[in-house]
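Read the structure below first, then the notes.
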Amino acid sequence: MHLDEATVLDLTAHRCRELLQTGEISSTELTRLYLDRIAAVDDSVKSYLLVDEQGALAQAAAVDAKPRSERKPWEGVPIGLKDIFCVKGMETTCGSRILKGYHPPYDATIVAKLREAGLVFLGKLNMDEFAMGSSTENSAFQTTHNPWDLDRVPGGSSGGSAACVAAAEAPWTLGTDTGGSIRQPASLCGVVGLKPTYGAVSRYGLVAFASSLDQIGPLTRDVKDAAALLDLIAGRDPRDSTSIGLPEPVGIPIRTDLEGLRFGVIKEFVGDACEAGVREVFDSTVDTILQLGGVCEEVSLPSVERGIAAYYLIAPSEASSNLARFDGVRYGHRTSGAADLYDMYTHTRSEGFGPEVKRRIMIGTYALSAGYYDAYYAQAQRTRTLIIRDFESAFERFDYLISPTSPSVAFKIGEKTADPLAMYLSDLCTIPVNLAGLPGISLPGGFSEGLPVGVQIIGPHFSEKGMLGAAHAIEQKLRLPLVPPLAEVAR
Amino acid sequence: MITRREVEHVARLARLHFEDEELERLQPELSQIIDYVQQLAELDLSGLEPTSHAVALKNVFRPDVPVPGLTQEEAMSNGPDVERGQFVVPKIG
């Protein structure tokens, strides 16, 4: 079999694995195929911050040197990584000037797991600086473009990871999700994005943003790949005491019906807050669920409307604490010519951080400062309790909850940068899921104005296996054409 | 609403420096965000426990056994100014 550029466009990781196992392609050929694809389209998409051609080809050659019978299942399959994960010896910037030139002396746990499984690392993917943003426009280095329309954003903060998969510059990638940073870009780029239950995946070696919310997860071309990648990275890790792992591997989802399953449609997420085109796609997905034998009923979670306010206190507060470590002493940027230590800290941080990161540090520092803690941070945490209770009572009546992932399709580059609060409000449907620590998946539900629209399924804690089964049934019924026009042009 | 003086005070706490024109822009931006989150301060949530962690976790223990870690050289390999196994910083104040 001859693989050319056209073949790569809808290649899943599962298909890569089959081709490698049957010997139809070598890992070197497969890796070269993706490197060529990156060379062809990444000038337009700008999803990669770093392409490790030499390292990837060396990893692939090592796989090819092994007899096929001795290889592990995923050995030789390439992957792209959000630039927030520490990879030993590979520059890790987190999209920030303050970490420019940082070469981690160790692997993040998920990176070590992927290395052990034999995956080939293509490179590091663009992101909003410190994962703060919903458009990837906050990267200190470049703006990533949506492969469906290059004038539009890919979403964020894992915009590089989502655009990369949509443009077939890797079969699958990893991202992180603090308030929707996997699901929202997946929705805007027409790929699958999974945020696992808080604690399912170790965060050792992940640059921390908001520790009570951050979670690592896959961005993939289909639900099967999302399940497989979750199984590769999940597990308890003694080096992350908040990690629990999954009760059992999720395995390969095979479900093709939804008989006996009850879906709650979250009333607060489908009203006027959503564009008409997004609502249309969502309504047609509800019809699909009914056709598959599922039951759909409206459910109200009144407290989720306070989610954004709670999130924009909790996340910046935790960020202001986590980002205190960037002081120019042990790693990263240091200002030159400072008069004393205080001056060095202040100028290092002011030169190294971008405007959105500074804004959030300021909000967090204000909220945690003397006299305000109870009014802001503690009150936000009590609101969080309310939101968790609303979800708990909804899960007494329903197996899963559904909503649009994002209230709009991909917006134009530059459209929302002038108004930080408007950008925050676009995370309405995803944020409460992080506050409650629940698993959520965004899968493509259809198109509006030629742009992809994602549908979000939310499950109870550690319900990934069932949730992925339900997502698979919907995906198989819809069978959407998910190759963006950019890919057609390059073809 | 957050005043210019408060912005300057918080910047000092956060070890950030802003030029005058940045402060001009930042003060209304932060005020808008603070006013928005202010809606929570008005809720009566007395009697509700604050949640710091969404998934129930017990204390996590492990046996106190040394495991290999980074060498001193590795741990300091990214330091902007390192001398004889120590980080060099400007004098304090």
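The values are calculated or read from the model by the stated rules, or taken from the named source; none is laboratory data. Only a predicted model underlies this, so the values are computations on that prediction, with no experimental measurement involved. Note: ideal-geometry Cβ built from the backbone for every residue, glycine included; neighbour counts use all protein chains shown.
Some notes on this structure:
- Residue check, A:PHE282 more than 11 Å from chain B (Cβ to nearest Cβ), buried (at least 21 other Cβ atoms within 10 Å of the Cβ) and at pLDDT 95 or above: yes
- Helices (runs of 4 or more DSSP H) within the stretch A:364-481 that include 2 or more residues within 28 Å of B:LEU40 (Cα to Cα) and at pLDDT 95 or above: A:379-397, A:431-435
- Hey, B:ARG5 more than 7 Å from chain A (Cβ to nearest Cβ), at positive phi and surrounded by fewer than 10 Cβ atoms within 10 Å (Cβ to Cβ) or not: no
For every residue, the table says whether it meets (1) within 21 Å of A:ALA436 (Cα to Cα); (2) among the small types (Gly, Ala, Ser); (3) crowded, with 22+ Cβ neighbours inside 10 Å.
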| position | (1), (2), (3) |
| --- | --- |
| A:PHE269 | yes, no, yes |
| A:PRO316 | yes, no, yes |
| A:PHE326 | no, no, yes |
| A:VAL329 | no, no, no |
| A:HIS333 | no, no, no |
| A:ALA338 | no, yes, no |
| A:ARG359 | no, no, no |
| A:GLY364 | yes, yes, yes |
| A:ALA370 | no, yes, no |
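- Annotation: of all residues in the stretch A:1-24 being part of a helix (DSSP H, G or I) and over 24 Å from A:LEU230 (Cβ atoms), the one that is modelled with the lowest pLDDT is A:GLU5.
- Within the stretch B:10-35, residues that are in contact (Cβ under 8 Å) with a residue 24 or more places away in the chain and at the interface with another protein chain (Cβ under 9 Å from one of its Cβ atoms) reach no partner that is among the acidic types (Asp, Glu) and surrounded by 15 or more Cβ atoms within 10 Å (Cβ to Cβ) with beta carbons closer than 6 Å at six or more positions or on different chains.
- Lone qualifier among A:GLY332, A:GLY337, A:GLY328 - being touching a Leu at 6+ places or on another chain (Cβ under 6 Å), of a type outside the set (Lys, Arg) and either under 23 Å from A:LEU206 (Cβ atoms) or modelled with pLDDT under 95 (or both): A:GLY332
- Subset of the stretch A:224-274 that is closer than 21 Å to A:LEU174 by Cβ and among the hydroxyl-bearing types (Ser, Thr, Tyr) - its residue that is farthest from the other protein chains (Cβ to nearest Cβ): A:SER243
- Qualifying residue in the stretch A:255-262 (condition: among the charged types (D, E, K, R) and surrounded by fewer than 13 Cβ atoms within 10 Å (Cβ to Cβ)): yes
- The stretch B:1-80 holds helices (runs of 4 or more DSSP H) entirely within its bounds, and those carrying 3 or more residues that are of a type in the set (A, V, I, L, M, F, W, C), under 22 Å from the mean Cα position of the chain (by Cα) and under 30 Å from A:TYR345 (Cβ atoms) map to B:4-13, B:20-41.
- Within the stretch A:364-417, tally of residues that are among the hydrophobic types (A, V, I, L, M, F, W, C) and over 26 Å from A:GLY190 (Cα atoms): 13
- Only a single item in (1) closer than 23 Å to A:TYR424 by Cβ; (2) of a type in the set (Val, Ile, Thr); (3) under 20 Å from the mean Cα position of the chain (by Cα); (4) surrounded by 18 or more Cβ atoms within 10 Å (Cβ to Cβ) is not met by A:VAL111, and it is number (1).
- Checking each residue in the stretch A:304-349 for being touching a residue at least 12 places away in the same chain (Cβ under 8 Å), in a helix (DSSP H, G or I), of a type in the set (Ser, Thr, Tyr) and farther than 24 Å from B:PRO50 by Cα picks out A:TYR345, A:THR348.
- Within the stretch A:160-183, the set of residues being of a type outside the set (D, E, K, R) and under 8 Å from the mean Cα position of the chain (by Cα) comprises A:SER161, A:ALA162, A:LEU174, A:GLY175, A:THR176, A:GLY180, A:SER181, A:ILE182.
- For the stretch A:121-146, the candidate set comprises residues that are over 21 Å from A:PHE353 (Cα atoms) and touching an Asp or Glu at 6+ places or on another chain (Cβ under 9 Å); within that set, the residue that is farthest from the other protein chains (Cβ to nearest Cβ) is A:HIS145.
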